[in-house]
Amino acid sequence: MNGQFSGIRSRNVLLAAAVAAILSPIQVATAAEVDTSEWKCTQCPFQEGGEASVRLGYGDVSEDAAKFADYTGLDGGGYLIADIDGQTRTESGWYLAYEGRKLGLDSRDGVMTIGKEGVFKASLSYDAITKRTYDDTMSPFTLSQATGNQLSLPTGWVRASTTAGMTQLASTLKPVDIGHDREKAGLSLDWRLSKSFGLFANFSREDKEGNRVGTAGNFTTALQMPEPIDSATNTYEFGFNWTGQAAHARLAYYVQKYDNQVNGVSWDNPFTTFSATSGRMATSPDNESKQLILSAGVRLALDTSLGFKAVMGSVSQDAALLPYTITASLSPGALPRASLNGDISVNHYALTMSSRPFDKIRVRGAMRFDDRNDDTPAITFANGYVESDMGRMLASVTPQRYSYKRRQGELEGEYEVLDGIKLFVGMRGEDLKRSNQDVDKTTEGTGYSGLRILPAAGVSLTMRIGETHRDAADARTPESWENANFWKYNQANRDRDFLDIKLAWTPAESVTLSLDGSAANDAYTLSPYGLKEGSDRRVAANVAWMPKEGLTVYADGGYQIMQATQTNQTGTPLSTWTAEHEDVYKTLGLGAKWTNIGDKWDVSIDYARAESTGEIDTVAGTASSFPDNTTDFRSLRIGVAYRVNEALRVGVGYRQEKLESADWALQGLQPATVATLLALGADPYNYNVDVISLSFRYDFGGPKSQKGE
Amino acid sequence: MTNTIHFGRRLRLSGRALGTALAVAAGLVLIGAPRVSVAADDQATAPAYSKKGADTCLKCHDDANLVSIFKTKHAQPGNPDAPFGHGQLQCEACHGPGGLHATTKGKDRAPVINFGGKSGTPVAVQNKQCLGCHEGDTKHQWAASAHDAANVACADCHSSHAAVDKVRKVGSQQEICFTCHATQKANALKPYAHPLRQGEMACSSCHEPHGSTTKAALKAATINETCYSCHPDQRGPFVWEHAPATENCALCHDSHGSIHPAMLKQRGPFQCQQCHSVQGHPSVAYGPSGIVGGAAPSTAVLAGNCTNCHTQVHGSNHPSGRSLTR
């Protein structure tokens, strides 16, 4: 041994022996130790051959509503209902499984998997997501189909200093929907080489195309426009995993490449302000993220487990920089280099521990270290830059790079004082070092204690109360132009007290109940100005009753109130103003599911309602209040299915969804309402949609009853 | 012993440390060694298994909800490691030895290991059965998870007998999670939320319910890395960075849903004014006079408020993007 490990001292040998002793595995019976020679499984209905289900039908959506179609893909009008799922298996363990959902909608997905059980698996997947933002917006801009990134105003457009002077606006406004589609295709492979060793590889490509609300400011004026989106993201991951008797490890290499096809968006300036006739902004740059990820876990004696994760990564981007401005006459000259050459290292190391050395004692802990280090070489724009394509700023500027290092530690001990009653205490600590920000370092400490009551199976009550103190006072150097008495809330001293309650209870065989509540109060006592205080109180509960086989009746509800107070100073001489926020959110849900009624019918009904109110009161010399922002969401779903025979089912569905909202940021805002803002004219969300559906589901193959060997 | 091995400029491992590491590694290797057989004495006192395995069980337990296990991966004879793989312990692989259970009757019937909140089998015993095979899934850190600490049974979420385990499906997973996480069920109905309600995302799109090394059991190493997996356009690095965006997306956004657009924690312009105080428009006291119908409808209050001009709030890659307007 000395020859092999000359660096190991005798104490290390002892250490190795101790580790091995602690790690002695728990002995349990295995299949090899049981006589199963008579276990023929003749009554086992193993699956062999194929089976599939196909659902086809027709649905109708009563009206087009972007917010309703958002993610659901349920645009107005008729649509095809098409779902499929099935699998084919062989006795030797080969299988083919497939599933497609919502195939008749833009928001659809599917997956097909082929493999041999316990050995090999390959999956192809597809997932489309629809993002619908607005369908009532209007704009005079037209996107160039040739370049895909130029937004032009109509020929003959009359530029003006205000929207009222834009005489061509009313006649040239065109409806333009805001939203985009995501389509993601994936391939994943898993290959188990042995009982303890396997390889995996995953690849996916996501294409995103459409538009979003783009904005641009020209000092005193601003405009909204349909900003094009066209990007592709390729993600690769491959590696291996190993599983031992009491330990496991996984090593993966992960790469994500984001490729933006829209490199900068330009637009004609509808305003005459500062005379620039056009503007151009950058878009998100192409980037590449690479990570080497090692995770591992080991189970030791004394019911002790350790977990470990290390992520060593980098991010780079070298997208070509746009010129300083599209306004050629203002150009301050050549760029210092062609791209940012952005280079960031991102590292994460974590160790977790859980131990139950005695029946009544449990200890849990974790240590984490996160590091984002921006290694991008400094780029200095020595000849100044151009502000909003209109004015050249002569000062030399060097953009700040931001790095941070975060260390966290936590430890919790739990002691079972009586059968089913556990007390726990815990502490957490964090220090966060930032570069080039107001505060170099914040430290945060948390202490809490609580009670877990587990008197019997089916009951669990956890209560926790604690305090957190964040200290940011060591060194503070706000930017010279900021108010020196103003503290950014994430870099300010903060005292927080909190209380959590969680209950899961099965009071009777047929009833389950869960309750989830929390309260937290924040005080930024040392911040003269900025966020001063905040609170968040919420409670939510579910109850379900199963009075008979196949029937479930349920109800749920929630209430949340969030409050915050902020202050600031403005004017000469400085005067203080205050804003107080109160957001209230309430939900109610009721429903029932009854399956297999008379072996023929399935019925379900679900009702949900959610209301929100946002109040903002300001005091700036005099008190005033914004109108409340409100939403009122109601959803009713009814489904009835009838089983015609073993293979065929007929389903009828009705869905009604209604959203009413008031939002002072959008209420009454038309493209030319504000003299200095050319808007898209979106209204607050309001819709009332009915969806009806009729579908047929047919099962092919049906359950097999082939007996085993 | 004083030799030092250099791994780049960041990692140095001394010979002494290397020796210690090797010693620990040697111990770890022993963990992975093949398990020793149960000692003869232990076998003599071990509970009896049934005579005919599943054939014994299925004589009584032939309910369709139980038999549907034969549509699942657990009951594939072609997989030698599955409970119903050739030579495996079939029902008793999970439910434990059933010999006594099969030969006793009535009130005296010996129990077997059962699963779920109402089963009467302690959660730790239930979970040990599952973890015996599944703990090795190396993405999991179960013992360090909040679910383990809260005494959650695997069967509270998973239905191992059902042909379709709802919690493993994107469209139905949240139904299971919301059973306990009532607050998140409420959040999913907020007007601005990730598409859980619509079945286009699952809780496990971001969280690792079986435990991870991060706070809040995130799948990726940090909050931002979690967000970037679907929003890589926000990753940068940009020429002009917005400092909080590089550090923590959750400083401005509430990922579980908000009543404010873009899942912001607060309404603009007030959210921005919780950090920005520069004399001039960042510090102006905006009020209801700035809305439509007010005395002076304002670009800084309506529509996207601050972002009407400062459009690149996540960072700008434009040389002239100092004010995040380009």
So if each residue of separation counts as 0.36 nm, and I subtract the Cα-Cα distance between residue A:419 and residue A:191, what length gain in nm does that give? 77.5 nm
Which whole-number percentage describes the relative contact order of chain A, with Cα contacts under 8 Å and a sequence gap of 6 or more? 10 percent
For the stretch B:51-127 the chymotrypsin sites (Phe, Trp or Tyr not before Pro) that pass both the DSSP coil test and the at-most-11 other-Cβ-within-10 Å test are none
The stretch B:201-239-the stretch A:615-647 distance, computed between alpha-carbon centres (Å): 28 Å
Taking the Cα of residue A:603, stepping 7 Å toward and past its beta carbon, and measuring to each backbone N in the stretch A:506-547: which are under 18 Å? A:545-547
Of B:201, B:285, B:268, which is farthest towards the positive pole of the stretch B:196-289's charge dipole, taken about the Cα centre with +1 and -1 on the beta-carbons of Lys, Arg and Asp, Glu respectively? B:285
Round to the nearest 10 and give me the degree value, 0 to 90, for the angle of helix A:10-22's Cα axis relative to the longest principal axis of chain A. 70 degrees
Measuring from centroid to centroid over Cα atoms, what is the spacing of the stretch B:50-106 and the stretch A:398-432 in Å? 43 Å
Just how large is the dipole of the stretch A:414-568 about the Cα centre, in debye to the nearest 20, putting +1 at every Lys and Arg Cβ and -1 at every Asp and Glu Cβ? 120 debye
Whole-Hz Karplus ³J(HN,Hα) for the stretch B:248-263, in order, using 6.51 cos²θ - 1.76 cosθ + 1.60 and θ = phi - 60°, x for Gly and Pro? 6, 4, 6, 5, 10, 10, 10, 5, 8, x, 8, 8, 10, x, 6, 6
Based on the Cβ-Cβ distance of residue A:578 and residue B:262, what FRET efficiency does E = 1/(1 + (r/R0)^6) give at R0 = 22 Å, to the nearest 0.05? 0.35
In debye to the nearest 20, the charge dipole size for the protein assembly as shown, taken about the Cα centre with +1 at each Lys and Arg Cβ and -1 at each Asp and Glu Cβ, equals 2100 debye
State the Cα centre-to-centre distance between the stretch B:256-311 and the stretch A:519-544 in whole Å. 22 Å
Between rounded, prolate and oblate, where does the stretch A:314-372 land on the alpha carbon gyration tensor, with a ≥ b ≥ c its root eigenvalues, rounded for a/c under 1.5, else prolate if a/b exceeds b/c? prolate
Sorting A:199, A:104, A:149 by the position of each Cα along the dipole of chain A (Lys, Arg +1; Asp, Glu -1; all at Cβ), the one nearest the positive end of that ordering is A:199
Between residue A:400 and residue A:479, how many nm apart are label points set 7 Å from Cα along the C-beta direction? 0.7 nm
For the stretch B:216-314, the dipole about the Cα centre with charges only on Cβ (Lys and Arg +1, Asp and Glu -1), to the nearest 20 debye, works out at 160 debye
Within 10 Å of each candidate Cβ there may be at most 12 other Cβ atoms; applying that plus a DSSP loop requirement, which GluC sites (Glu not before Pro) in the stretch A:588-653 survive? A:646
Within 10 Å of the Cβ of an average residue in B:189-197, the count of other chain Cβ atoms is 6
At 0.36 nm per residue, and after removing the present C-alpha to C-alpha distance, how many nm does the segment from residue A:159 to residue A:369 gain when stretched out fully? 70.1 nm
Please tell me the relative contact order of the stretch A:112-161 in percent, rounded to the nearest whole number, where contacts are Cα pairs under 8 Å and at least six residues apart. 19 percent
Please compute, for peptide A:251-258, the average count of beta-carbon atoms on other protein chains lying within 10 Å of each residue's beta-carbon. 2
Given the rule -39500 (n - 2.57) for each run of at least 4 DSSP H residues, summed and divided by the residues of chain A, what is its mean residue ellipticity at 222 nm, to the nearest 500 deg cm²/dmol? -500 deg cm²/dmol
Sort out the exposed loop trypsin sites (Lys or Arg not before Pro) in chain A (DSSP loop, at most 13 other Cβ within 10 Å) and tell me the longest stretch that has none. A:361-599
Given contacts defined as C-alpha pairs under 8 Å and at least six residues apart, what's the relative contact order of the stretch A:67-187, whole-number percent? 23 percent
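We did not get these values from a lab; they are worked out from the coordinates using the rules stated. Please read all numbers here as calculations on a predicted model, not as lab measurements. FYI the Cβ positions are ideal-geometry reconstructions off the backbone, even for glycines, and counts take in every protein chain you see.
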